[in-house]
Amino acid sequence: MTDSLNKKLNSDVETIPEEVVSEEANIKTENVDKSQTAPEKEVVEETSSDVSSDADSDEEVEEEEVYVDPALGQWYIVQCYSNQEYRVRSRVQTIIDEKKYDGQLYRVLVPQEETVEIKNNKRYERVTKIFPGYVFVQMDYNEQVSFEIRSLPGVAKFIGSKVKATPVTEAEILKVLHKVGDKTKKVDVDFEEGEVIKVILGPFRGYTGAISEIHGDRGKLKSMISIFGRETPVELDFDQVEKVVK
């Protein structure tokens, strides 16, 4: 997804030593209100029969709207210190809500997607960051606003040259926004073609058969099931089947 944007981020990435991160965080948080530095809920969620969500999580996952208003400013990318993306987003959103830079600072986004992993017959659901370590900000770039954002706890720098940040192209930000708005969950499974599965839900419950095709993008597979003595291809959802343990 957005390969050119990933290449751009990788080429501009700044490695931040742990001791610098720790020192920077301590310096910047000295003047931050306690309400800003309070522990937030973690973004990654896992759900299964024996996996519960982490009580020490960073922040509740919020749904992002998908739109591009050409009348507003361009999108820029902010590099953050480790695991600070959601705190930075919250701080930028506070500035937006306070209208401190009304007409100059418009929107902040941490692109994320829902993923489903089926492993050892258990289903795990997570919300993951598409670009870990980065926050997207829509703004009219100027020294005053950019300085305010760079001064926030958790912020390392804007992506771009030493003189000025480089805006994200319209084509790339459209890809990002549509990805965020796509509610189709990415599915990762440990099924393999040829493996024998058992149907546990639906009209074919109780039948077994070998996997002939796997369609991870649709969360489905095809299995050859014996019905009335004939091998019949049946399409099933991943969560309708489980592996037959020998």
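Brief remarks follow.
- When the stretch 76-94 is filtered for residues that are of a type outside the set (Ser, Thr, Tyr), crowded, with 17+ Cβ neighbours inside 10 Å and outside any strand (DSSP E or B), the ones remaining, listed by number, are 84, 85, 87, 88, 89, 91, 92.
- Under the condition of being at pLDDT 90 or above and either assigned to a helix (DSSP H, G or I) or acidic (Asp, Glu) (or both), the residues counted in the stretch 138-171 number 9.
- Within the stretch 206-216, not a single residue is under 19 Å from residue 77 (Cβ atoms), touching a Lys or Arg at 6+ places or on another chain (Cβ under 6 Å) and either assigned to a strand (DSSP E or B) or among the small types (Gly, Ala, Ser) (or both).
- Selection of the stretch 217-233 for residues being part of a strand (DSSP E or B) and within 21 Å of residue 116 (Cβ to Cβ) yields 220, 221, 222, 223.
The values are calculated or read from the model by the stated rules, or taken from the named source; none is laboratory data. The model shown is predicted, which means the values in this text are computed figures rather than measured ones. Ideal geometry is used to build each Cβ from the backbone, glycine not excepted, and the neighbour counts take in all protein chains shown.
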